[in-house]
Ligand code: IPD
Ligand code: CA
Ligand code: CA
């Protein structure tokens, strides 16, 4: 299988996502948890095409019932569905190739900007032809992104208290609300760190490899490597601000 072929397939989802004819009516999976016909159409499109070019690799998507296996594609067909529903134009398609506990290949595509972030394990991360490299900024020079998970309102105070502390020490904070793009933006040095308490494997599979191949660091809130078999917390950084983020989060976790 050629990764270039896979990247091409992911880019083809632009026609589905930007198709004004497809009804963006939402179905609520849970409180503030949206799914649209576009999420399902992108998932079905990639499932059919990927199974054709790589029949032995299983398919694990947010919009399918299935389990993570030792060799599978991990797909978030639309990461940033709330943004899509509101016309905020900041969403991505995130596809990672998972094998025996590791992500070997990842692609994150933003159809609105046509930016396509890619990485192959050991071969660097790229935005088109440009090689990605994380920033070297210190916390006082940094922009930090945080996710608050609209389906986890029970963590509101905890999340925003951490963000308040960090906001006081950095230049500013951001909320992009597509975790796959958050990881890629750290990889590209546009922002310097990102944290979120609850993410799923499809939110981070592709982006984690892109980040690491750009020299960045990803751990859970305890500082341990992230696992793809279950939901996880994440701290993502350029390496320089990692300890600051982890210590600030730890301080608030002890108060809980
Ligand atoms: C969500 C986005 C968001 C993050 C949420 C995720 P979805 O994914 O990545 O940035 O804060 O935790 O669930 O639902 O748009 O695929
Ligand atoms: Ca997601
Ligand atoms: Ca999604």
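Structure data summary
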| item | result |
| --- | --- |
| Strands (runs of 3 or more DSSP E) enclosed by the range 47-127 - at least 2 residues per element that are free of Cβ contacts under 8 Å to residues at least 24 places away in the same chain and surrounded by 13 or more Cβ atoms within 10 Å (Cβ to Cβ) | 58-61 |
| Yes/no for residue 182 being more than 13 Å from ligand 1 (Cβ to nearest atom), within 17 Å of residue 127 (Cβ to Cβ) and within 15 Å of the chain's Cα centre (by Cα) | no |
| Looking only at the range 193-220, and only at residues there that are within 16 Å of ligand 3 (Cβ to nearest atom) and assigned to a strand (DSSP E or B), the one that is nearest to residue 139 (Cα to Cα) | 196 |
| Residue 217 more than 30 Å from residue 128 (Cα to Cα), within 15 Å of the chain's Cα centre (by Cα) and crowded, with 17+ Cβ neighbours inside 10 Å | no |
| Test: residue in the range 52-74 that is more than 22 Å from residue 151 (Cβ to Cβ), in contact with a strand residue (DSSP E or B) (Cβ under 6 Å, 6 or more places away or on another chain) and within 14 Å of ligand 1 (Cβ to nearest atom) | no |
| Verdict on residue 230 being more than 14 Å from ligand 1 (Cβ to nearest atom), at pLDDT below 95 and assigned to a helix (DSSP H, G or I) | no |
| Filtered residues of the range 233-244 (kept if in contact with a helix residue (DSSP H, G or I) (Cβ under 9 Å, 6 or more places away or on another chain) and assigned to a loop (DSSP other than H, G, I, E, B)) | 238, 240, 241 |
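The values are calculated or read from the model by the stated rules, or taken from the named source; none is laboratory data. Bear in mind the structure is a predicted one, so any value in this text is a computation, not a measurement. Here the Cβ is made from the backbone with ideal geometry for all residues, glycine too, and neighbour counts use every protein chain on show.
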